[in-house]
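The values are calculated or read from the model by the stated rules, or taken from the named source; none is laboratory data. As the structure is a computational prediction, the values presented were derived from the model and not from experiment. Cβ coordinates were reconstructed from backbone atoms using ideal geometry, including for glycine residues, and neighbour counts include every protein chain displayed. Accessible surface areas use protein heavy atoms only, side chains included; no ligands, DNA or RNA. Shrake-Rupley method; radii C 1.70, N 1.55, O 1.52, S 1.80 Å.
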Amino acid sequence: MANTQQDDTKPNTRDARRAARAAKSITAFAAAHGGAEAQFAHLGEKGARIVLVCGDGAWGDVVVDSIEMARAATEKAGVTVHDEFSGEFAAKVVTGPYEWCRMAGIQIGSPSHPRPGRSAA
């Protein structure tokens, strides 16, 4: 009879590699922008979003497979994680014309500002 016991070491190794890759991205982004803080958003079956807010106001995100992987990545990257996206945390985000355009332009028509690197039509 064949041994049907499942080997769980491969998924754990794969998850660890993915978390390490996410941590590397987080570390590089944070280093380029004066450090970073994070908050997690659950994306259902698709995984988790790590929202990063940097010391200079820059922000970005990294999507990973799960909240557990997000925790592992941010721990490895050494960033502070907030339980919620509070007003105080959100106030650290610096937005420019492009972001305001994207937020409103999608809903009310064409953007009033060109995208970076493109001229107005």
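A compact table of results
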quantity: Single condition GLU68 does not satisfy, out of (1) part of a helix (DSSP H, G or I); (2) surrounded by 14 or more Cβ atoms within 10 Å (Cβ to Cβ); calculated: (2)
quantity: Residue list for the range 71-97, restricted to those being under 18 Å from GLY47 (Cβ atoms), buried (at least 16 other Cβ atoms within 10 Å of the Cβ) and aromatic (Phe, Trp, Tyr); calculated: none
quantity: Sole exception among (1) in contact with a Lys or Arg (Cβ under 7 Å, 6 or more places away or on another chain); (2) at pLDDT below 90 for GLU84, by number; calculated: (1)
quantity: Of all residues in the range 98-114 being over 21 Å from GLN39 (Cα atoms) and surrounded by 13 or more Cβ atoms within 10 Å (Cβ to Cβ), the one that is modelled with the lowest pLDDT; calculated: HIS113
quantity: Hits in the range 19-42 (condition: hydrophobic (A, V, I, L, M, F, W, C) and more than 12 Å from the chain's Cα centre (by Cα)); calculated: ALA19, ALA20, ALA28, ALA31, ALA32
quantity: Residue list for the range 23-63, restricted to those being in a strand (DSSP E or B) and open to solvent by less than 10 Å² (accessible area, probe 1.4 Å); calculated: ALA38, ALA48, ILE50, LEU52, VAL53, CYS54
